[in-house]
1. Which one of Val208, Val223 is hydrophobic (A, V, I, L, M, F, W, C) and touching a Lys or Arg at 6+ places or on another chain (Cβ under 6 Å)?
2. How many residues does the range 25-44 contain that are more than 18 Å from Ile200 (Cβ to Cβ), more than 14 Å from ligand 3 (Cβ to nearest atom) and not acidic (Asp, Glu)?
3. Report, by residue number, each residue of the range 198-216 that is touching a helix residue (DSSP H, G or I) at 6+ places or on another chain (Cβ under 9 Å) and among the hydrophobic types (A, V, I, L, M, F, W, C).
4. Please go through the range 46-63 and give me each residue that is in a helix (DSSP H, G or I) and either buried (at least 23 other Cβ atoms within 10 Å of the Cβ) or more than 14 Å from ligand 3 (Cβ to nearest atom) (or both), ordered by number.
5. Taking Asp197, is it of a type outside the set (Ser, Thr, Tyr), in contact with a His (Cβ under 8 Å, 6 or more places away or on another chain) and modelled with pLDDT of 95 or more?
6. Of the residues Leu99, Leu148, which single one is of a type in the set (A, V, I, L, M), in contact with a Gly (Cβ under 9 Å, 6 or more places away or on another chain) and farther than 24 Å from Ala191 by Cβ?
7. Which of (1) in contact (Cβ under 8 Å) with a residue 24 or more places away in the chain; (2) not in a helix (DSSP H, G or I) is the odd one out, the single condition Asp164 does not satisfy?
8. Please go through the range 45-82 and pick out each residue that is of a type in the set (A, V, I, L, M) and within 19 Å of Arg207 (Cα to Cα).
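The values are calculated or read from the model by the stated rules, or taken from the named source; none is laboratory data. Treat the numbers as computed from the prediction; the structure is a model and nothing was measured. Cβ placement follows ideal geometry from the backbone for every residue including glycine, while neighbour counts extend to all protein chains displayed.
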Amino acid sequence: MSLDQLLAWTPPGSPDETMARQVNFEQLPAHIAIIMDGNGRWAAQRHLPRVEGHRAGIDSVRDVVETSARLGIGVLTLYAFSVENWKRPWTEVNTLMTLLKRYLRLELATLHENNIRFRVIGRQDELAPDVRDELDVGIRQTANNTGLLFNIALNYGGRAEIVDAAKRLIAAGVNPDDLDERRFGEFLYTAGQPDPDLLIRTSGEMRVSNFLLWQIAYAEIWVTETLWPDFRRRHLLEAVLAYQKRDRRYGGIKPSPVVVG
Ligand code: IPE
Ligand code: IPE
Ligand code: MG
């Protein structure tokens with residue numbers, strides 16, 4: 001995808017257009033991971049029940065998925081439900097699962113038409129059968145697509161993922177002498193995917209809440225005060241532009257400029 005793809009969908013003269021033109025397409029994050037937070041606060045500000053915030057957040061998901069695909073991002077991972085979120089009232093959990101099923105049913109054709117591959121990361125075996133069935137349809141139907149890889153983190157926990165990886169590698173009989181970080185990564189839910197370059201969290205919270213703990217080792221973190229239901233294309237572009245100004249050193253040092261003369 002390209003600038004043209006993005007501009008075709010951006011109102012001329014809008015701030016979004018100005019930002020789109022600033023993006024360096026040679027230096028895009030290969031993987032963007034987002035902690036979609038603040039739905040409850042968004043609803044509370046409007047004196048609405050929390051679930052209305054979750055409902056409104058679906059429009060943000062649509063916008064971010066489409067923008068990522070048009071930008072040419074390789075992988076997008078959205079944190080939709082953590083292993084800790086079961087602590088919430090049953091009615092809220094139920095609404096979240098219902099919204100997810102509805103999102104998939106309504107959006108699957110569009111995802112497929114846009115060559116997007118849908119995946120789920122998390123403990124799927126603990127989800128209700130009707131949710132699993134809906135997810136399976138989405139995964140199967142888009143399995144051969146070659147565009148954006150769209151992961152939904154559902155019943156996901158970073159520590160749970162590491163434990164699951166350890167169990168699987170023991171079951172596979174991996175010799176400890178053959179184990180290194182690369183090999184371990186092959187047992188994670190995200191096997192074969194690049195690590196996130198950019199981690200976004202909405203609604204201002206300065207924590208990672210058990211998200212992709214292994215994979216974010218060197219991710220650039222960008223936190224916005226914007227609540228998830230208000231998050232749109234321009235916020236994503238803003239995050240990408242901020243990311244492109246970062247100086248990534250991976251523990252090394254910045255090469256000193258060559259002094260001539
Ligand atoms: C994020 O919004 C959605 C999920 C965690 C499922 P929250 O529901 O956490 O909203 P706040 O943080 O209470 O505002
Ligand atoms: C993180 O948000 C989980 C998801 C976005 C799905 P939470 O709202 O659950 O995180 P905490 O409780 O504020 O850390
Ligand atoms: Mg929250």
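1. Checking each option against the conditions leaves just Val223.
2. Initially, the range 25-44 is screened for residues more than 18 Å from Ile200 (Cβ to Cβ), giving 25-26, 40, 43-44.
Going one step further and asking which of them are more than 14 Å from ligand 3 (Cβ to nearest atom), we end up with 25-26.
This time we only want the ones that are not acidic (Asp, Glu), so: 25.
Within the range 25-44, residues that are more than 18 Å from Ile200 (Cβ to Cβ), more than 14 Å from ligand 3 (Cβ to nearest atom) and not acidic (Asp, Glu) number 1.
3. Across the range 198-216, the qualifying residues are Leu198, Ile200, Val208, Phe211, Leu212, Leu213, Trp214, Ile216.
4. So the first thing to find is which residues in the range 46-63 are in a helix (DSSP H, G or I), and the list is 50-63.
Of everything in the range 46-63, those that are in a helix (DSSP H, G or I) and either buried (at least 23 other Cβ atoms within 10 Å of the Cβ) or more than 14 Å from ligand 3 (Cβ to nearest atom) (or both) turn out to be Glu52, His54, Arg55, Ala56, Gly57, Ile58, Asp59, Ser60, Val61, Arg62, Asp63.
5. Details: of a type outside the set (Ser, Thr, Tyr): yes; in contact with a His (Cβ under 8 Å, 6 or more places away or on another chain): yes; modelled with pLDDT of 95 or more: yes.
When the stated conditions are applied, Asp197 passes them.
6. Details: Leu148 fails: farther than 24 Å from Ala191 by Cβ.
Residue meeting the stated conditions: Leu99.
7. (2)
8. Going through the range 45-82, the residues of a type in the set (A, V, I, L, M) turn out to be 48, 51, 56, 58, 61, 64-65, 69, 71, 73, 75-76, 78, 80.
Passing the criteria: Leu78, Ala80.
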